[in-house]
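**Q** Just dropping this structure here.
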Amino acid sequence: MVERDNPAAGVTVEFQPFGRRVPVAAGATLLQAAREAGMALLSVCGGAGICDSCRVRVVCGDVSVPSPHEREELSADDLGAGYRLACQARAHGDLVVDVPVESIGAGQRLQLECDTRLAEPTRGASGRDRAVRALDVSVAPPSRGDLRADATRLRDACSSGGGRPLPVMPAPVLATLSGALREQSWHARLALDDERLIAVLPPSTRLLGLAVDAGTTKIATYLLDLESGKTLAAEGSVNPQVSHGEDVVSRIAYADTAGGSDVLHRMLIQGINEMVGRLCTTAGVAAGQIVDVVLVGNTVMHHFACGLPVRNLGRAPYVPVVTDSLALAARDLGLEVAPGARMYLPPNLAGYVGADHVSVLTAVGPPPEGRTRLVIDIGTNTEISLLAAGRIVSCSCASGPAFEGAHITCGMRAVTGAIERVRVVGEEVRYQTIGEAPPIGICGSGVLDAVAELFTHGALDRHGGFRRDHPIVGTRGGQGAVVLASADATGHNRELVLTRHDVTEIQLAKAAIRTGIDLLLGSTRLPVEAIDEVVVAGAFGSYINLASARRIGMLPDLPPGRFRQVGNAAGAGARQMLLSVARRREAERLAGSVEHLDLTGDSRFTDTFASALGF
């Protein structure tokens with residue numbers, strides 16, 4: 001959207017997790033603001049305030065006091081937590097508003113899929129490779145002549161007939177033991193690992209596992225049957241932490257405020273728990289059947305998940321609390337799964353190269369002998385590894401949230417109505433939207449396409465400036481701009497434009513990624529032509545037009561056949577580790593062999609980055 005000439009005359013409402021910002025008149029309802037933004041916010045009663053379908057949560061900002069309708073529809077606890085009815089709450093100042101999944105009428109594109117060659121985890125013979133095993137037991141019930149404690153009789157039942165002794169019973173499992181044995185008529189399926197009793201379940205209950213890819217912007221979760229290895233359900237959602245910052249640097253700053261770290265930990269865990277509820281509903285199972293969890297994420301998200309401090313990740317030399325693999329009690333962290341389940345987290349590599357990249361490398365595997373492979377996991381924070389001659393050299397790049405549509409004038413995340421593809425034909429700009437709906441904004445892949453097309457057709461110079469003599473270039477606010485969609489073609493009757501500011505945002509993001517690639521090549525003394533394969537992973541990496549990325553110099557200008565888009569490789573690696581202890585050990589060995597390249601301390605960084613800004 002084009003900014004108003006007098007923004008002081010109104011206020012701005014920012015809707016998360018859409019990443020959509022809209023100027024409205026002071027006093028406008030949040031429902032009006034959502035409609036101005038072209039968002040499909042539910043309103044079953046048509047805005048009369050007699051239902052709660054449009055409930056949202058005001059994160060911060062000046063908003064009207066709750067109306068009588070809101071006090072009737074929402075509980076005191078809800079109101080205290082910031083929940084409001086969008087049709088009743090009015091914006092008196094700039095606001096940040098969080099929109100729950102159930103209030104959104106149009107789904108957001110959340111990348112869960114991956115290359116099927118990555119999705120097949122290995123399973124050990126007879127299940128010996130699994131971290132958790134099942135043991136069916138029958139326990140003698142107590143009587144006047146047998147007053148052994150329930151835990152003792154269960155231990156004796158496991159040891160009888162030469163069986164393996166029962167491992168440690170954690171307190172949360174002991175709390176469920178007596179009730180479970182009696183409800184199940186003294187028959188049970190035990191979930192155990194080598195050290196602990198995890199759950200006492202009804203006979204023949206399927207043991208399930210949860211794999212989580214906790215990204216800065218998006219979270220992907222997968223529910224797996226640990227016996228068959230089958231994925232029973234998958235769920236994607238925006239990371240609820242985005243209301244406290246689009247990138248990890250903003251969240252580290254928020255975590256440094258009073259109580260901020262605890263807030264971000266709880267938000268992440270609550271978001272995962274809500275996804276677990278939806279996964280279990282889809283699969284027709286209970287959350288108590290989840291006996292093992294694997295979580296991957298960048299180092300900051302890893303620390304938030306574990307409740308670890310992140311302050312030192314925000315200041316040089318960016319040292320994490322821990323880089324070793326962890327196995328933590330899931331219930332202690334707040335996850336609503338089996339009482340004794342543990343959450344395994346593979347190693348981090350450095351302050352900004354996390355367990356998620358280890359998971360990507362584990363899923364992708366090593367290149368064939370004598371071949372060179374570049375692995376790029378594109379996101380708000382982009383991680384890159386160069387695998388050559390038995391070496392793995394990795395770095396991270398602060399590519400920022402522009403690829404998610406943030407900081408773009410008409411930007412939005414990849415939801416229905418977002419422009420995702422752009423082509424210039426003669427003097428006409430053509431576009432394709434998600435869901436083939438009327439356009440209401442442009443997402444990251446669309447912005448990348450637009451910049452590449454405008455450069456290719458001479459509307460942009462190599463420095464990112466608009467050529468004012470080009471027929472499709474106009475002005476907005478005295479600056480060069482291109483209209484992508486006229487007001488009469490959009491879903492909110494406002495034109496969509498691409499400005500010089502937007503081009504700069506893409507230049508900064510693409511230069512960060514290309515700088516990482518070039519410095520990795522320099523550190524290994526390899527020319528770009530030596531790269532035999534470029535593996536592009538991550539949510540954004542799955543949808544970009546690789547030709548556009550090559551044209552603007554974000555990716556090396558190599559033959560198209562050398563590129564492979566693999567989707568959510570981090571999620572694939574997490575699933576592999578969920579089903580295989582050997583895969584976990586492999587990830588740990590791999591992490592120990594990676595050489596980390598710190599770009600911030602590299603003397604070549606400034607010159608390389610400046611050179612990479614041009615097209």
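**Q** Among the residues of the stretch 232-249, write down those that are in a strand (DSSP E or B) and either at pLDDT 95 or above or of a type in the set (A, V, I, L, M, F, W, C) (or both).
**A** Those that are in a strand (DSSP E or B) and either at pLDDT 95 or above or of a type in the set (A, V, I, L, M, F, W, C) (or both): 232, 233, 234, 238.
**Q** Select from the stretch 250-271 the residues that are assigned to a helix (DSSP H, G or I) and of a type in the set (Val, Ile, Thr) and list them in ascending order.
**A** Of everything in the stretch 250-271, those that are assigned to a helix (DSSP H, G or I) and of a type in the set (Val, Ile, Thr) turn out to be 252, 263, 269.
**Q** Further question: Quick one: which of 219, 252 is of a type outside the set (Asp, Glu), modelled with pLDDT of 90 or more and over 27 Å from residue 288 (Cβ atoms)?
**A** When all the criteria are applied, what remains is 252.
**Q** Examine the stretch 264-283 for a residue that is under 22 Å from residue 401 (Cα atoms), buried (at least 20 other Cβ atoms within 10 Å of the Cβ) and touching a Leu at 6+ places or on another chain (Cβ under 6 Å), and state whether such a residue exists.
**A** Looking for residues that are under 22 Å from residue 401 (Cα atoms), buried (at least 20 other Cβ atoms within 10 Å of the Cβ) and touching a Leu at 6+ places or on another chain (Cβ under 6 Å), one finds none in the stretch 264-283, hence no.
**Q** While we're looking at this one, here's another question. Scan (1) closer than 19 Å to residue 356 by Cβ; (2) touching a Lys or Arg at 6+ places or on another chain (Cβ under 6 Å); (3) at pLDDT below 95 for the single condition residue 211 breaks and write down its number.
**A** (3)
**Q** Continuing with this model, one more query. Evaluate the following for residue 550: is it within 30 Å of residue 424 (Cβ to Cβ) and outside any loop (DSSP other than H, G, I, E, B)?
**A** yes
**Q** Looking at 253, 214, 220, 234 in this structure, which one is hydrophobic (A, V, I, L, M, F, W, C) and farther than 26 Å from residue 309 by Cα?
**A** 234
**Q** Would you mind telling me which numbered condition in (1) touching a Phe, Trp or Tyr at 6+ places or on another chain (Cβ under 9 Å); (2) part of a loop (DSSP other than H, G, I, E, B); (3) small (Gly, Ala, Ser) residue 512 fails?
**A** (2)
**Q** Suppose the filter is assigned to a strand (DSSP E or B), within 28 Å of the chain's Cα centre (by Cα) and surrounded by 18 or more Cβ atoms within 10 Å (Cβ to Cβ); does residue 482 pass it?
**A** Taking the combined requirement at face value, the residue does not satisfy it.
Residue-by-condition table, conditions (1) in the same structural domain as residue 225 (by TED's automatic domain parsing); (2) modelled with pLDDT of 95 or more; (3) basic (Lys, Arg):
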{"residue": "564", "(1), (2), (3)": "no, no, yes"}
{"residue": "568", "(1), (2), (3)": "no, no, no"}
{"residue": "577", "(1), (2), (3)": "no, yes, no"}
{"residue": "596", "(1), (2), (3)": "no, no, no"}
{"residue": "600", "(1), (2), (3)": "no, no, no"}
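**Q** When the residues of the stretch 506-525 are narrowed to those that are buried (at least 20 other Cβ atoms within 10 Å of the Cβ) and either touching a Pro at 6+ places or on another chain (Cβ under 9 Å) or hydroxyl-bearing (Ser, Thr, Tyr) (or both), which ends up farthest from residue 416 (Cα to Cα)?
**A** The residue in question is 521.
**Q** Looking at the stretch 298-337 only, could you name the residues that are surrounded by 17 or more Cβ atoms within 10 Å (Cβ to Cβ) and of a type in the set (D, E, K, R)?
**A** Within the stretch 298-337, 331, 336 qualify.
**Q** Out of (1) touching a Lys or Arg at 6+ places or on another chain (Cβ under 9 Å); (2) in a strand (DSSP E or B); (3) under 28 Å from residue 177 (Cβ atoms), the odd one out for residue 339 is which?
**A** Going through the list (1) touching a Lys or Arg at 6+ places or on another chain (Cβ under 9 Å); (2) in a strand (DSSP E or B); (3) under 28 Å from residue 177 (Cβ atoms), residue 339 breaks only (2).
**Q** Ok, one more. Inspect all residues belonging to the stretch 486-503 and state whether any of them is in a loop (DSSP other than H, G, I, E, B), touching a strand residue (DSSP E or B) at 6+ places or on another chain (Cβ under 7 Å) and at positive phi.
**A** No; the residues of the stretch 486-503 include none that is in a loop (DSSP other than H, G, I, E, B), touching a strand residue (DSSP E or B) at 6+ places or on another chain (Cβ under 7 Å) and at positive phi.
**Q** Can I ask one more? Go through 233, 287, 253, 283 for me and flag whichever is in contact (Cβ under 8 Å) with a residue 60 or more places away in the chain and closer than 22 Å to residue 330 by Cβ.
**A** 283
**Q** Moving on to the next point. Pairs only if they're at least six apart or on different chains, beta carbon under 6 angstrom, first in the stretch 1-26 and assigned to a strand (DSSP E or B) and buried (at least 17 other Cβ atoms within 10 Å of the Cβ), second hydroxyl-bearing (Ser, Thr, Tyr) and modelled with pLDDT of 50 or more; list them, first residue then second.
**A** Short answer, once both residue conditions are applied: 16/243; 21/12; 23/12.
**Q** Within the stretch 446-458, can you find the residues that are free of Cβ contacts under 8 Å to residues at least 40 places away in the same chain and buried (at least 24 other Cβ atoms within 10 Å of the Cβ)?
**A** Within the stretch 446-458, 446 is the sole residue that qualifies.
**Q** Another question, then. From the set of residues in the stretch 81-140 that are assigned to a helix (DSSP H, G or I) and within 21 Å of residue 198 (Cα to Cα), which is modelled with the highest pLDDT?
**A** 127
Residue-by-condition table, conditions (1) touching a strand residue (DSSP E or B) at 6+ places or on another chain (Cβ under 8 Å); (2) small (Gly, Ala, Ser); (3) touching a residue at least 40 places away in the same chain (Cβ under 8 Å):
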| position | (1), (2), (3) |
| --- | --- |
| 377 | yes, no, yes |
| 380 | no, no, yes |
| 387 | yes, no, no |
| 392 | yes, no, yes |
| 402 | yes, yes, yes |
| 406 | no, yes, yes |
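**Q** Answer yes or no as to whether residue 462 is surrounded by fewer than 16 Cβ atoms within 10 Å (Cβ to Cβ), outside any strand (DSSP E or B) and in contact with a Phe, Trp or Tyr (Cβ under 7 Å, 6 or more places away or on another chain).
**A** Yes; evaluated as a whole, the condition is true for this residue.
**Q** Shifting gears a bit: Kindly check whether there is at least one residue in the stretch 306-327 that is among the β-branched types (Val, Ile, Thr), in a loop (DSSP other than H, G, I, E, B) and more than 30 Å from residue 171 (Cβ to Cβ).
**A** Yes, the stretch 306-327 contains a residue that is among the β-branched types (Val, Ile, Thr), in a loop (DSSP other than H, G, I, E, B) and more than 30 Å from residue 171 (Cβ to Cβ).
**Q** Among what's in the stretch 27-68 and is within 26 Å of the chain's Cα centre (by Cα), of a type in the set (A, V, I, L, M, F, W, C) and at pLDDT 90 or above, pick the residue that is surrounded by the most Cβ atoms within 10 Å (Cβ to Cβ).
**A** Selected residue: 56.
**Q** Please work out which residue is surrounded by the most Cβ atoms within 10 Å (Cβ to Cβ), limiting yourself to the stretch 379-438 and to residues that are on the phi > 0 side of the Ramachandran plot and not hydrophobic (A, V, I, L, M, F, W, C).
**A** 405
**Q** Is it true that some residue in the stretch 595-610 is touching a strand residue (DSSP E or B) at 6+ places or on another chain (Cβ under 9 Å) and among the β-branched types (Val, Ile, Thr)?
**A** Among the residues of the stretch 595-610, not one is touching a strand residue (DSSP E or B) at 6+ places or on another chain (Cβ under 9 Å) and among the β-branched types (Val, Ile, Thr), which makes the answer no.
**Q** Regarding residue 470, is this residue over 30 Å from residue 349 (Cα atoms) and in contact (Cβ under 8 Å) with a residue 24 or more places away in the chain?
**A** For residue 470, the condition - over 30 Å from residue 349 (Cα atoms) and in contact (Cβ under 8 Å) with a residue 24 or more places away in the chain - is not met.
**Q** Can you list residue pairs whose Cβ atoms sit under 6 Å apart, with the first residue in the stretch 580-591 being over 15 Å from residue 570 (Cα atoms) and the second being at pLDDT below 95 and surrounded by fewer than 16 Cβ atoms within 10 Å (Cβ to Cβ)? Count only pairs 6 or more apart in sequence or on different chains.
**A** That search, which allows pairs on different chains as well, returns 580/122.
**Q** Any residue at all in the stretch 202-216 that is without any contact (Cβ under 8 Å) to a residue 40 or more places away in the chain, in a helix (DSSP H, G or I) and surrounded by fewer than 24 Cβ atoms within 10 Å (Cβ to Cβ)?
**A** no
**Q** Is it the case, given these coordinates, that residue 190 is part of a loop (DSSP other than H, G, I, E, B), among the hydrophobic types (A, V, I, L, M, F, W, C) and not assigned by TED's automatic domain parsing to the domain that holds residue 57?
**A** Considered against the rule, which asks whether it is part of a loop (DSSP other than H, G, I, E, B), among the hydrophobic types (A, V, I, L, M, F, W, C) and not assigned by TED's automatic domain parsing to the domain that holds residue 57, residue 190 comes out as no.
The values are calculated or read from the model by the stated rules, or taken from the named source; none is laboratory data. All values derive from a computational prediction rather than experimental measurement. Methodologically, a virtual Cβ is constructed for each residue, glycine included, from the backbone with ideal geometry; neighbour enumeration extends over all protein chains shown.
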